[in-house]
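Peer 1: The structure's right below; bear with me while I get my questions together.
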Amino acid sequence: MAAKKLRAVRWDKGVVYLLEQRVLPFQEKWVKCDTVERVAKAIEEMTVRGAPAIGITAAYGVAVGAMRSKAKTATAFEKEVEKAIARLRRTRPTAVNLFWALDRMAECLKAISVLSVAEQKRALVKEALLIHAEDEALCDRLGKHGSKLLAKAKNVLTHCNTGALATGGDGTALAAITHAARKNKKLHVWVDETRPYLQGARLTAYEVAHAGIDFHLITDNMAASLMKKKMVDAIIVGADRIVANGDTANKIGTYALAVMAKAHGIPFYVSAPTTTLDLTKKNGDSIEIEQRNPKEVTHPQGVPIAKESYPVYNPAFDVTPGSLITAIVLETGICRAPYQKSLRSALTAAQKESK
Ligand code: MRU
């Protein structure tokens, strides 16, 4: 019997349920978020994380706000929903999927303003469910395209978590790995632990084990030595925001991997849906990088490893220049440099498809 599909976000009768990612892999616990504030806190505090999953959760957060509203008039209802959108926007700044999903909910709200409050509530729930279903389908397409790049690889390295826990479906970069592993029985994965938040150790290792794929967990500082020993054939990661020239914000440590890959002649791939594109920015310099709590560095998983009083610098993401990226996998296909052109055409194709 096929293993049950892993999923991180669930909608049921006006409430969003999130798989509590902070206690994985030791406990599988679902958290009920039945207010906008609970959804916002769940995003801020990493109960849910990963760019597409954050976007989907935020869309459901708007739907939760709509369903709970006691407003009697359309004007009062719209104000409440706008307030919910504004609160959810202030959760995490780097992943563009959050803003994409909230913009889409805001557009939906505008388009349905002639309807009754009851009808508007139904329409907003429908839109959030659609965003979730669409992302699941995008993951399948990313998996198919990305797996072609890994068809001959024996050892693939990945960073952070980009699977079912980070998306609405089977993942982005990790979907490429799981798709490739179905055909390429020799595929083995190096899972970077991903300091300081340990998404690789806690979540990716859990996901590849669940999928029955051969893997080893490594600490981030082992990657260069593996590359030198020719123990890595390809690297594939996800993205939180990809801008016009291909510069890509992703989990801190991604840039170092891309530099090392270049030095060792190893292909470096990024996989993400077009909802992660932000072509309004020319390059990665103006991407806002989230700074997180110093305790994530001094007390990983609550365990003290350094004095709490030490000064700490804790950016959650870095930006990899497009010039270090061999190819970007989108649901529309594989993009290569010059990214200004290939990403623009991919986005236009995706927009045409969705009409
Ligand atoms: O801080 P996180 O855990 O939300 O960061 C997640 C990442 O950086 C992922 O690599 C990225 O969102 C791609 S997820 C498909």
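Peer 1: Using 0.36 nm times the number of residues separating GLU45 and ALA111, minus their current alpha carbon distance, what extension gain do you get?
Peer 2: Working: separation 66, 0.36 × 66 = 23.76 nm, distance 3.22 nm.
Full extension from GLU45 to ALA111 adds 20.5 nm.
Peer 1: Which values, in whole Å and largest first, are the semi-axes of the equivalent ellipsoid of the range 117-194 obtained as the square root of 5 times each eigenvalue of the Cα gyration tensor?
Peer 2: Three semi-axes, in Å: 33, 13, 7.
Peer 1: Under 1.5 on a/c is rounded, so check that first for the range 142-354, then, if it is not, pick prolate when a/b is larger than b/c and oblate when it is not; a ≥ b ≥ c are the square roots of the alpha carbon gyration tensor eigenvalues.
Peer 2: Oblate, because a/c is 1.5 or more while a/b does not exceed b/c.
Peer 1: For every other residue with a beta carbon closer than 14 angstrom to the beta carbon of ALA337, add +1 if it is Lys or Arg and -1 if Asp or Glu, then tell me the sum.
Peer 2: +3
Peer 1: Among the listed pairs LYS4/LYS230; LYS29/LYS79; LYS32/LYS126, which have their C-alpha atoms separated by more than 26 angstrom in this model?
Peer 2: Values: LYS4/LYS230 35 Å; LYS29/LYS79 34 Å; LYS32/LYS126 20 Å.
Going by Cα-Cα distance, LYS4/LYS230; LYS29/LYS79 fall outside the 26 Å limit.
Peer 1: Mean 1/r over all different Cα pairs, inverted: what Kirkwood radius does the range 110-161 give, in Å?
Peer 2: Values: mean 1/r = 0.0696 Å⁻¹.
After inverting the mean inverse Cα-Cα distance, the result is 14.4 Å.
Peer 1: When Lys and Arg each count +1 and Asp and Glu each count -1, what net charge do the other residues less than 15 Å away from LYS70, Cβ to Cβ, add up to?
Peer 2: Numbers: positive: ARG68, LYS72, LYS79, LYS83, LYS121; negative: ASP34, GLU78, GLU80.
Counting the neighbours of LYS70, the net charge comes to +2.
Peer 1: At 7 Å along the Cα-to-beta-carbon direction for both SER225 and LYS185, put a label point, then send me their distance in nm to one decimal.
Peer 2: Inter-label distance under the simple model: 3.3 nm.
Peer 1: Name the trypsin sites (Lys or Arg not before Pro) in the range 140-180 that are in a loop by DSSP and that have at most 15 other C-beta atoms within 10 Å, would you? Don't jump to the answer; show the numbers that get you there.
Peer 2: On the way: sites: ARG141, LYS144, LYS148, LYS152, LYS154; in loops: LYS152, LYS154.
Answer in residue order: LYS152, LYS154.
Peer 1: Around VAL232, under 15 Å between beta carbons, what's the net of Lys plus Arg minus Asp minus Glu among the other residues? Spell out each step's value before the answer.
Peer 2: On the way: positive: LYS152, LYS154, LYS186, LYS228, LYS229, LYS230, LYS262; negative: ASP192, ASP214, ASP220, ASP233.
Summing Lys and Arg as +1 and Asp and Glu as -1 gives +3.
Peer 1: Hey, another quick one. For the chain, report the convex hull volume of the alpha-carbon atoms normalised per residue, in Å³, without decimals.
Peer 2: Per-residue hull volume (Cα only) is 140 Å³.
Peer 1: Per residue of the chain, what 222 nm ellipticity follows from adding -39500 (n - 2.57) for every DSSP H run with n ≥ 4, rounded to the nearest 500?
Peer 2: Rounded to the nearest 500, the figure is -13000 deg cm²/dmol.
Peer 1: Further question: Output the pairs from LYS228/LYS282; LYS186/LYS295; LYS251/LYS307; LYS83/LYS307; LYS295/LYS341 with a Cα-Cα distance over 30 Å in this structure; if there are none, say none.
Peer 2: Those over the limit are LYS228/LYS282; LYS186/LYS295; LYS83/LYS307; LYS295/LYS341.
Peer 1: How high is the FRET efficiency between ASP214 and LYS152 when r is their beta carbon distance and R₀ equals 22 Å, given to the nearest 0.05?
Peer 2: Taking R0 as 22 Å, the efficiency between ASP214 and LYS152 is 0.85.
Peer 1: Also, quick follow-up: Given a Förster distance of 30 angstrom, what is the FRET efficiency for GLU82 paired with SER345, based on the Cβ-Cβ distance and rounded to 0.05? Each step should come with its number before you reach the end.
Peer 2: On the way: r = 34 Å, r/R0 = 1.14.
Efficiency computed from Cβ-Cβ geometry: 0.30.
Peer 1: May I pose another question? Which of the GluC sites (Glu not before Pro) found in the range 265-315 are loop residues per DSSP with 13 or fewer other Cβ atoms within 10 Å of their Cβ?
Peer 2: GLU288, GLU308
Peer 1: Here's a follow-up. Given Cα pairs under 8 Å that are at least 6 residues apart, what percent is the relative contact order of the range 179-291?
Peer 2: Values: 141 pairs, mean separation 25.9, N = 113.
In percent, rounded to a whole number, it is 23.
Peer 1: If you take the Cα Rg of the range 9-138 and divide it by 2.2 N^0.38 Å, with N the number of residues, what do you get?
Peer 2: After normalising by residue count via 2.2 N^0.38 Å, the value is 1.00.
Peer 1: On to the next question. Considering only the chain, what is the antiparallel percent among its DSSP beta bridges, to the nearest 5?
Peer 2: Beta bridges within the chain, antiparallel portion: roughly 50 percent.
Peer 1: While we're here: On the accessible surface of the chain, probed at 1.4 Å, how many percent belong to carbon and sulfur atoms? Don't skip to the end; give the middle numbers.
Peer 2: On the way: 8930 of 16050 Å².
After summing per-atom areas, the C and S share lands at 56 percent.
Peer 1: From the backbone phi of the range 299-313, what are the Karplus-calculated ³J(HN,Hα) couplings (6.51 cos²θ - 1.76 cosθ + 1.60, θ = phi - 60°) in whole Hz, Gly and Pro given as x?
Peer 2: Result, ordered by residue: 10, x, 6, x, 8, x, 10, 8, 5, 4, 7, 5, x, 10, 10 Hz.
Peer 1: Related question: Helices from the chain with mean Kyte-Doolittle at least 0.5 and a Cα length along the axis of 20 Å or more, per DSSP H: which? List each step's numbers first, then the result.
Peer 2: Values: long enough: 51-68 (26 Å, 1.16); 74-89 (22 Å, -0.34); 96-111 (22 Å, 0.52); 117-149 (48 Å, -0.30); 339-354 (22 Å, -0.89).
In the chain, the long hydrophobic H runs are 51-68, 96-111.
Peer 1: Hey, could you pull the Cα Rg and Dmax for the range 136-235, both in Å?
Peer 2: 12.5, 38
Peer 1: Based on the alpha carbon coordinates of the range 262-329, what radius of gyration and maximum Cα-Cα distance (Dmax) apply, in Å?
Peer 2: Considering the range 262-329 through its Cα atoms, Rg and Dmax are 16.6, 43 Å.
Peer 1: Select from the range 1-56 those chymotrypsin sites (Phe, Trp or Tyr not before Pro) which occupy a DSSP coil region and have at most 12 other Cβ atoms within 10 Å, ordered by residue number.
Peer 2: Numbers: sites: TRP11, TYR17, PHE26, TRP30; in loops: PHE26.
Those that pass, being in a loop and sparsely packed, are PHE26.
Peer 1: Over the chain, average the accessible area per residue using a 1.4 Å probe and give it in Å², no decimals. Don't skip to the answer; put the middle values down first.
Peer 2: Working: 16050 Å² over 355 residues.
Per residue, the chain has an accessible area of 45 Å².
The values are calculated or read from the model by the stated rules, or taken from the named source; none is laboratory data. The model shown is predicted, which means the values in this text are computed figures rather than measured ones. Neighbour counts run over all protein chains shown; Cβ positions are idealised from the backbone, glycine included. With ligands, DNA and RNA removed, areas are computed over all heavy atoms of the protein, side chains included. Shrake-Rupley method; radii C 1.70, N 1.55, O 1.52, S 1.80 Å.
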